[in-house]
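Below is one structure, written out as structure tokens; the observations come after it.
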């Protein structure tokens, strides 16, 4: 994490986060809530955002980071314009969703949890989207793709590149 | 009167106050329940499951360190079920533990090793993925090897107790590890180097960054003159590393042992503690008389100084400009002593033996670089003595080398909280009023976190405070900031109880640490050496006369400022 991040917070975003911190700070155990709101505002939780939260709530950065890394719902890396989510739940996994994930990683040249350099795609894994009958399944944004085979991946992704 | 609860532990009746845990109650029955994550005054979370016992009224095994006793309860601590559970717990710890025990600093002094032996574990019962994390060597004072870590959280709790919070658990499940925010190196965290995490660690995941090799090579270099000096509290604790009773003053044996390592000389750091007092007391009087920023804070503790620079830079003008005794000694040797003995500075190798890890950082500060060549902890000195094959306990008592042997009792008590304050008051009061003869300032003694007192000296009302533990220091700074409290002179030591409880002191077994009041027992050795000393006031030490007459002129002289004083600067952390 030593690389300088490209993080930028617009005045509006900063103001929004400050407001969330202000209204939550007197509530004990509000850190989770603030992190969720912050992720909603910025899409992810870079060091700059976590520092603002730590300072605003009067707790240490190591505590904020500990919570942010404990829950898989929080992301420390920016998300792409299109968010790919591959189901690794039992049914999908048995049907070979790990191969689907591998193929996506290969096509995009990034690992699960990362974002492409052009900011177009990010990949995550999830556990069950409730479409086990269609296993293996992935979602791109709010669209569900089922009964996948690795060779289908490239064509699907190309649709989003247009 | 508090309500008493009657219970039986392994059939032995015990009566303890309500709210007592099974662990504490068992001690009353002279039964020790094994622990790992528990550490008295530091960590009590019931997470490691080593202290599990059977108790009537409870379902399954319970963690004795957090489970309260109940009337009529029957506890069994040593059943087959308990033993099997503990053994499995240990084997699970070991499945992920880097078992490089032979060369581990904590070999023979490791809680995990001791328990593993006791429970006849199979260290390879669970073979799993190796967990390889980088070793953090980013600071000059501590090394963290997380592959040895068992995630007991004792270091995190120690850091939290200091309210520094430089480290915490990161990640989840198998990937949990201890580190600084954003997995940055410790050197980029708010860490101040107090080393309380090291003495809290039950295994070898944390250790000081050793400078022993540099000292050995200087000792075998014929072109170097090596000079050792030892901090006041080292003599109060070094014996522990050789199984001597806690609180034994081993000054004579310590000197004899160091002499057998063949340095050029062994000096007494109590001497520059006295010198610090001469300078600091003069500075205090000067500040009072010229309306300079008050309160004046002591500057002996480098972790405290770093804390102010990082967290409360607005108080930098309040820190005494005096270097610490360690740095004063180095600076004095590299100027006065070299001049007097016609030795080139480059050929002198200065080793300070200290109870502290932050001192390793202090001697690497730009402002004072070169004064001290190596700072080694009490633990490192003990290791050197053992490596050299010196039978410490059989040694005769020997005396420090002249001219830096004789010091006042005021210098000795520097190692305990309140000691620097008391030493300074003895001399400052006398400087202000020659007829002031009080030598004992009882109100600033004892291991309480914040001690306050008011003294009337030569028409000046002095409000003083002695603080130990950085959480207490933070509280006090906030009170000063808000105007709630007003002081003239404040002593701060970062470690709870002061240097006797420093991060470089011998690591004692949990069994001892959980049953002994360590800070008090160690401090006693220093206060008894103070009362036995005919010289109680730094200013009365003939060595001070020699140093000032011969070299420095007078306290706070231009030359003294050049050699014995320093400066501080704000230091931004992430």
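Points worth noting:
- Residue match in segment A:129-141 (condition: closer than 30 Å to residue A:53 by Cα, surrounded by fewer than 18 Cβ atoms within 10 Å (Cβ to Cβ), touching a helix residue (DSSP H, G or I) at 6+ places or on another chain (Cβ under 9 Å) and without any contact (Cβ under 8 Å) to a residue 60 or more places away in the chain): yes
- When residues of segment A:58-117 are limited to those that are at positive phi and within 14 Å of chain B (Cβ to nearest Cβ), the one surrounded by the most Cβ atoms within 10 Å (Cβ to Cβ): A:113
- Entirely in segment B:271-351, the helices (runs of 4 or more DSSP H) that have 2 or more residues that are touching a strand residue (DSSP E or B) at 6+ places or on another chain (Cβ under 9 Å), within 24 Å of residue B:533 (Cβ to Cβ) and modelled with pLDDT of 95 or more: B:325-332
- Among residues of segment B:140-156, those that are touching a strand residue (DSSP E or B) at 6+ places or on another chain (Cβ under 7 Å) and more than 14 Å from chain A (Cβ to nearest Cβ), counted: 6
Yes or no, residue by residue, for (1) modelled with pLDDT of 95 or more; (2) surrounded by fewer than 19 Cβ atoms within 10 Å (Cβ to Cβ); (3) more than 26 Å from the chain's Cα centre (by Cα); (4) closer than 30 Å to residue B:432 by Cα:
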| position | (1), (2), (3), (4) |
| --- | --- |
| B:509 | no, yes, no, no |
| B:520 | no, yes, no, no |
| B:526 | no, no, no, yes |
| B:529 | no, no, no, yes |
| B:540 | no, yes, yes, yes |
| B:555 | yes, no, yes, yes |
| B:564 | yes, no, no, yes |
| B:572 | no, yes, no, no |
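- Yes/no for residue B:129 being part of a helix (DSSP H, G or I) and out of contact with any helix residue (DSSP H, G or I) (no Cβ under 6 Å at 6 or more places or on another chain): no
- Among (1) closer than 29 Å to residue B:210 by Cα; (2) surrounded by fewer than 24 Cβ atoms within 10 Å (Cβ to Cβ) - the single one residue B:473 does not satisfy: (2)
- Answer residue from segment B:170-179, given it is more than 19 Å from residue A:51 (Cβ to Cβ) and at the interface with chain A (Cβ under 9 Å from one of its Cβ atoms) and is surrounded by the fewest Cβ atoms within 10 Å (Cβ to Cβ) among those: B:175
- Complete set of residues in segment B:157-169 that are within 7 Å of chain A (Cβ to nearest Cβ), surrounded by 21 or more Cβ atoms within 10 Å (Cβ to Cβ) and either in a helix (DSSP H, G or I) or touching a strand residue (DSSP E or B) at 6+ places or on another chain (Cβ under 9 Å) (or both): B:167, B:168
- Considering B:255, B:250, B:203, the condition of being touching a helix residue (DSSP H, G or I) at 6+ places or on another chain (Cβ under 6 Å) and in the same structural domain as residue B:389 (by TED's automatic domain parsing) is satisfied by B:250 alone.
- Every condition in (1) modelled with pLDDT under 95; (2) crowded, with 16+ Cβ neighbours inside 10 Å; (3) away from chain B (no Cβ under 11 Å) holds for residue A:13 except the one numbered (2).
- Options A:19, A:54; residue that is modelled with pLDDT of 95 or more and loosely packed, with under 15 Cβ neighbours inside 10 Å: A:19
- Single residue of segment B:73-106 satisfying the filter (in contact with a strand residue (DSSP E or B) (Cβ under 7 Å, 6 or more places away or on another chain) and outside any helix (DSSP H, G or I)) that is surrounded by the most Cβ atoms within 10 Å (Cβ to Cβ): B:75
- Residue in segment B:241-261 that is closer than 18 Å to residue B:465 by Cα, assigned to a loop (DSSP other than H, G, I, E, B) and free of Cβ contacts under 8 Å to residues at least 40 places away in the same chain present: no
- Tally, over segment B:180-209, of residues that are assigned to a helix (DSSP H, G or I) and either within 14 Å of another protein chain (Cβ to nearest Cβ) or over 14 Å from the mean Cα position of the chain (by Cα) (or both): 7
- One residue stands out in segment B:23-71 among those that are part of a strand (DSSP E or B) and touching a residue at least 24 places away in the same chain (Cβ under 8 Å): the one that is nearest to residue B:160 (Cα to Cα), namely B:43.
- Count - residues of segment A:22-51 that are buried (at least 16 other Cβ atoms within 10 Å of the Cβ) and touching a residue at least 40 places away in the same chain (Cβ under 8 Å): 3
- Those residues of segment A:119-162 which are under 14 Å from the mean Cα position of the chain (by Cα) and at positive phi, in sequence order: A:119, A:141
- Any chance residue B:109 is away from chain A (no Cβ under 14 Å) and part of a loop (DSSP other than H, G, I, E, B): yes
- For segment A:38-57, a residue qualifies if it is more than 11 Å from the chain's Cα centre (by Cα) and within 14 Å of chain B (Cβ to nearest Cβ), and the qualifying residues are A:46, A:47, A:48, A:49, A:50, A:51, A:52, A:53, A:54, A:55, A:57.
- Number of residues in segment B:212-238 that are crowded, with 20+ Cβ neighbours inside 10 Å and either without any contact (Cβ under 8 Å) to a residue 24 or more places away in the chain or assigned to a loop (DSSP other than H, G, I, E, B) (or both) equals 3.
- Any hit, segment A:1-8, residues being buried (at least 19 other Cβ atoms within 10 Å of the Cβ), under 16 Å from the mean Cα position of the chain (by Cα), assigned to a loop (DSSP other than H, G, I, E, B) and without any contact (Cβ under 8 Å) to a residue 60 or more places away in the chain: no
- Spans of helices (runs of 4 or more DSSP H) in segment B:360-472 with at least 1 residues at pLDDT 95 or above and more than 21 Å from residue B:501 (Cα to Cα): B:378-387
The values are calculated or read from the model by the stated rules, or taken from the named source; none is laboratory data. Quick caveat: nothing in here was measured; it's all calculated off a predicted structure. Heads up, the Cβs are rebuilt from the backbone with ideal geometry, glycines too, and the neighbour counts pull from every protein chain shown.
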